[in-house]
Amino acid sequence: MGLQRTPLFLMHQKHKGKLIDFGGWELPVEYQGIIAEHKMVRSKAGIFDVSHMGEVEVTGERALEFLNNLLTNDFTEMAVGQIRYSPMCYEHGGVVDDLMVCKFSPTHYFLVINAANTAKDLVWMQEHSIPGATITNVSDRYAEIALQGPLAQEILQPLCDADLGSMKYYYFLPSVKVAGIDCLISRTGYTGEDGFELYISPEDACNLWEAILKEGGDRVAPCGLGARDTLRFEAKMPLYGHELSQDITPLEAGFGRFVKLEKPSFIGKDALAKQKETGLERVLMEFEMVGRGIPRADYEVWKDGEKIGHVTSGGYTPALNKNLGLCLIRREFAEVGNEIDIMIRNKPVKACTGKGLFYKRTKNK
């Protein structure tokens with residue numbers, strides 16, 4: 001069976017993207033080079049094809065009740081036009097997926113879920129469905145383009161019939177014309193920079209891509225999955241299967257602010273409440289390499305000849321020029337300034353735990 005292609009496949013060919021198999025999708029890992037694209041997003045802007053992401057609508061009189069039971073966050077006081085992030089957990093507290101919820105109305109919600117998890121997530125949602133809440137997979141109705149970087153608004157505004165400056169972070173506009181194309185625009189992203197994600201009909205995707213590149217000129221460049229990953233990692237944004245997984249709870253990953261234990265009930269509440277009450281046995285910790293070497297996911301972490309955990313994500317951070325990592329380690333070793341060993345090719349390489357090591361954009365960017 002062949003690889004799936006997004007509606008923007010012709011653009012990747014036109015702009016000479018290096019195509020790879022990404023979870024069954026034929027997508028560009030890079031165009032001009034991962035580091036060059038990474039730095040472009042940090043300094044100006046980059047445009048990404050994220051059309052492989054899944055979209056699900058939840059509608060009906062009991063849509064809110066369904067979401068509040070399904071997800072760990074609380075959507076009761078959510079405003080129309082607002083977006084909230086939430087883990088979706090198993091009964092034992094491990095994570096099915098992490099996703100975004102957009103509120104169109106009290107009876108209409110729009111969920112954005114991780115591409116590789118779309119089929120699994122839909123099965124889970126259907127298994128926990130209730131009368132009065134309808135779940136509809138609308139992924140085929142949308143292509144998705146992300147425009148990210150400090151100049152994203154400057155580039156997009158001349159094409160747009162809405163005032164982007166009045167848009168708050170984690171809010172969306174359901175129907176805006178961009179280059180004459182009807183879009184849903186959210187002020188969200190996965191890079192640590194300001195930016196927007198645009199949801200459009202598949203047949204409009206290539207025209208919008210070209211319009212943004214034309215308007216942006218030398219201020220914007222096509223970017224691939226490689227830069228998307230280095231950017232999200234440098235900004236310490238979680239990746240499902242790494243910082244969150246079936247075996248890692250939101251509390252262990254440091255996302256307790258998205259777990260509302262005060263809600264009457266939700267899937268996984270009992271396990272997470274118990275974990276919080278008894279205390280976490282392991283936690284996610286930042287670290288910086290001291291010795292020569294680049295940490296990678298699943299490398300073992302040792303201390304004084306004893307294995308204490310593993311790396312969830314790691315690598316070279318182009319904007320910071322450092323080799324950083326995130327590791328899930330036993331709580332007693334998770335103190336700032338603790339020297340640890342990262343096992344790289346079966347050899348211990350020194351690293352030091354820290355806090356605030358990762359990238360945060362400045363307010364004037």
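Of the residues A116, A63, only one is touching a Ser or Thr at 6+ places or on another chain (Cβ under 7 Å) and among the aliphatic types (A, V, I, L, M); which?
Working: A116 fails: touching a Ser or Thr at 6+ places or on another chain (Cβ under 7 Å).
None of the other options fit; the residue is A63.
Just wondering, is there one or more residues in the stretch 217-231 that are in contact (Cβ under 8 Å) with a residue 24 or more places away in the chain and at positive phi?
No, every residue in the stretch 217-231 fails to be in contact (Cβ under 8 Å) with a residue 24 or more places away in the chain and at positive phi.
If L208 satisfies every condition in (1) within 21 Å of D140 (Cβ to Cβ); (2) assigned to a strand (DSSP E or B); (3) under 23 Å from the mean Cα position of the chain (by Cα) but one, which is the exception?
(2)
Checking the structure you have, find out if any residue of the stretch 1-9 is surrounded by fewer than 20 Cβ atoms within 10 Å (Cβ to Cβ), of a type in the set (A, V, I, L, M, F, W, C) and over 19 Å from T317 (Cβ atoms).
Yes.
Residue-wise test of (1) within 16 Å of the chain's Cα centre (by Cα); (2) within 14 Å of M125 (Cα to Cα); (3) in a loop (DSSP other than H, G, I, E, B).
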residue	(1), (2), (3)
N69	no, yes, no
E77	no, no, yes
V80	no, no, yes
P87	yes, yes, no
L99	yes, yes, no
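In the stretch 18-32, which residues are surrounded by 15 or more Cβ atoms within 10 Å (Cβ to Cβ) and in contact with a helix residue (DSSP H, G or I) (Cβ under 8 Å, 6 or more places away or on another chain)?
Passing the criteria: L19, I20, F22, W25, E26, L27, P28, V29, E30, Y31.
Looking at N73, N114, N68, which one is farther than 18 Å from Y169 by Cβ, of a type in the set (S, T, N, Q) and touching a Lys or Arg at 6+ places or on another chain (Cβ under 8 Å)? Break it down stepwise before answering.
Working: N73 fails: farther than 18 Å from Y169 by Cβ; N114 fails: touching a Lys or Arg at 6+ places or on another chain (Cβ under 8 Å).
Criteria check complete, one pass: N68.
Would you mention how many residues in the stretch 276-300 are under 20 Å from F258 (Cα atoms), in a loop (DSSP other than H, G, I, E, B) and not charged (D, E, K, R)?
Residues flagged as under 20 Å from F258 (Cα atoms), in a loop (DSSP other than H, G, I, E, B) and not charged (D, E, K, R) within the stretch 276-300 amount to 2.
Taking the stretch 286-298 only, how many residues are buried (at least 20 other Cβ atoms within 10 Å of the Cβ) and more than 11 Å from T353 (Cα to Cα)?
Here the count works out to 1.
Mind telling me which of the residues L122, L111, L71, L99 ends up being within 13 Å of V259 (Cβ to Cβ), out of contact with any Asp or Glu (no Cβ under 6 Å at 6 or more places or on another chain) and of a type outside the set (V, I, T)?
Working: L122 fails: within 13 Å of V259 (Cβ to Cβ); L111 fails: within 13 Å of V259 (Cβ to Cβ); L99 fails: within 13 Å of V259 (Cβ to Cβ).
Result of the check over L122, L111, L71, L99: L71.
Looking only at the stretch 148-189, which residues are in contact (Cβ under 8 Å) with a residue 40 or more places away in the chain, in a loop (DSSP other than H, G, I, E, B) and more than 19 Å from R219 (Cα to Cα)?
Within the stretch 148-189, Y170, T188 qualify.
When you go through Q4, Q13 one by one, which is the residue that is farther than 22 Å from L151 by Cα and free of Cβ contacts under 8 Å to residues at least 12 places away in the same chain? Can you show your working first?
Working: Q4 fails: free of Cβ contacts under 8 Å to residues at least 12 places away in the same chain.
Result: Q13 is the single residue among Q4, Q13 that is farther than 22 Å from L151 by Cα and free of Cβ contacts under 8 Å to residues at least 12 places away in the same chain.
Determine whether the stretch 77-86 contains at least one residue that is in contact with a Phe, Trp or Tyr (Cβ under 9 Å, 6 or more places away or on another chain), at pLDDT below 95, polar (S, T, N, Q) and not assigned by TED's automatic domain parsing to the domain that holds T188.
no
Just need a number here: residues in the stretch 23-51 that are out of contact with any Pro (no Cβ under 9 Å at 6 or more places or on another chain) and in a strand (DSSP E or B).
The qualifying residues number 5.
Going by the structure shown, is E243 of a type in the set (D, E, K, R) and closer than 29 Å to M285 by Cβ?
Numbers: of a type in the set (D, E, K, R): yes; closer than 29 Å to M285 by Cβ: yes.
Considered against the rule, which asks whether it is of a type in the set (D, E, K, R) and closer than 29 Å to M285 by Cβ, E243 comes out as yes.
Determine the pairs where a residue that is free of Cβ contacts under 8 Å to residues at least 24 places away in the same chain, located within the stretch 327-339, has a partner that is of a type in the set (V, I, T) with Cβ atoms under 9 Å apart, the partner being 6 or more residues away or on another chain.
Sorted first by the residue in the stretch 327-339, then by its partner, the pairs are E332/I308; E335/T353; V336/T353; G337/T353.
Give me a count of the residues in the stretch 11-47 that are aromatic (F, W, Y) and within 22 Å of F196 (Cα to Cα). It would help to see each step written out before you state the result.
First pass over the stretch 11-47, keeping only residues aromatic (F, W, Y): 22, 25, 31.
Cutting the leftovers down to within 22 Å of F196 (Cα to Cα) gives us 31.
The total comes to 1.
Would it be correct to say that G314 is under 21 Å from the mean Cα position of the chain (by Cα), closer than 30 Å to M40 by Cβ, at pLDDT 95 or above and of a type outside the set (S, T, N, Q)?
On the way: under 21 Å from the mean Cα position of the chain (by Cα): yes; closer than 30 Å to M40 by Cβ: yes; at pLDDT 95 or above: yes; of a type outside the set (S, T, N, Q): yes.
Yes.
Out of all the residues in the stretch 52-67, which are surrounded by fewer than 20 Cβ atoms within 10 Å (Cβ to Cβ) and part of a loop (DSSP other than H, G, I, E, B)?
Here is the first cut: in the stretch 52-67, the ones surrounded by fewer than 20 Cβ atoms within 10 Å (Cβ to Cβ) are 57, 59-62, 64-65.
Hits for the stretch 52-67 are G60, E61, R62.
The values are calculated or read from the model by the stated rules, or taken from the named source; none is laboratory data. None of these values were measured; they are calculated from a predicted model. Glycine gets a Cβ as well: all are built from the backbone with ideal geometry, and neighbour counts include every protein chain shown.
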